[in-house]
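The values are calculated or read from the model by the stated rules, or taken from the named source; none is laboratory data. No experiment lies behind these values; they were computed from the predicted model shown. Cβ placement follows ideal geometry from the backbone for every residue including glycine, while neighbour counts extend to all protein chains displayed.
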Amino acid sequence: MKTMCSTFRQWELPANQAELLAPGRFAAEALFGTKAILLDSAIDEAAVFALADVRGQRRDNGGFYVDGLHDLPVLPKLLELTRWSLLPVAPDRGHGLFVTAPAYASWVDTLREWCERRGRSHCRVTMEDGKLALEDSSAPDAARERAAASEIDLFLGKMYRYFRLADESLLPRVQQRLEAARRMRQEVEQAKADKHEPT
């Protein structure tokens, strides 16, 4: 049975650590299903609460909107308070950005090793000549192939379970979606090129 946490330090309890590291449904939904940020449980709670007081605003359309923590102007100050943080990024929050203090930079290498074992592509933000640069890396081929095969098996399982598609009739449908994605990429590239052409 998991403990409902009233303080950050309660996340150090074994059951809650297992929930985060699995990750269980709660952790997966909290990180990638919402605008939540995971922080080191040893953080100074009072200092965090003083910074992260997110207040909703009523918009012109009548909606009540609450900014996510990653939209906070005080986010850099918040990150200074913690040894590490994990933030969801990208429009669909399908990627995670791991931030850690310089004293714990070795943790970035540990995360890279984990990604490579799991066949995951990964990026690292570095500073070059005073400018931020993004180093994009792929996992070793063997690990990538294993991970891709596992994801394909999950996909095939869902196609059969939900739609009873498990034979060659699935292949033309996949090909159709690949072609649609290719056309979409071409249209996006063309739109970018048109935008930069002089009028």
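Quick notes on this one:
- Some residue of the stretch 101-109 being in contact with a helix residue (DSSP H, G or I) (Cβ under 9 Å, 6 or more places away or on another chain) and either among the aliphatic types (A, V, I, L, M) or at pLDDT 75 or above (or both): yes
- Selection status of Phe163, aromatic (Phe, Trp, Tyr), out of contact with any Ser or Thr (no Cβ under 9 Å at 6 or more places or on another chain) and either in contact (Cβ under 8 Å) with a residue 12 or more places away in the chain or over 30 Å from Arg112 (Cβ atoms) (or both): yes
- Exactly one residue out of Arg58, Arg25 is surrounded by fewer than 11 Cβ atoms within 10 Å (Cβ to Cβ), more than 29 Å from Arg124 (Cα to Cα) and modelled with pLDDT under 75: that is Arg58.
- Selected residue [within 28 Å of Asp44 (Cβ to Cβ), within 19 Å of the chain's Cα centre (by Cα) and without any contact (Cβ under 8 Å) to a residue 12 or more places away in the chain] from Leu97, Leu86: Leu97
- Test: residue in the stretch 174-181 that is assigned to a helix (DSSP H, G or I) and under 30 Å from Arg124 (Cα atoms): yes
- Residue within the stretch 114-121 that is free of Cβ contacts under 8 Å to residues at least 24 places away in the same chain and touching a helix residue (DSSP H, G or I) at 6+ places or on another chain (Cβ under 9 Å) present: yes
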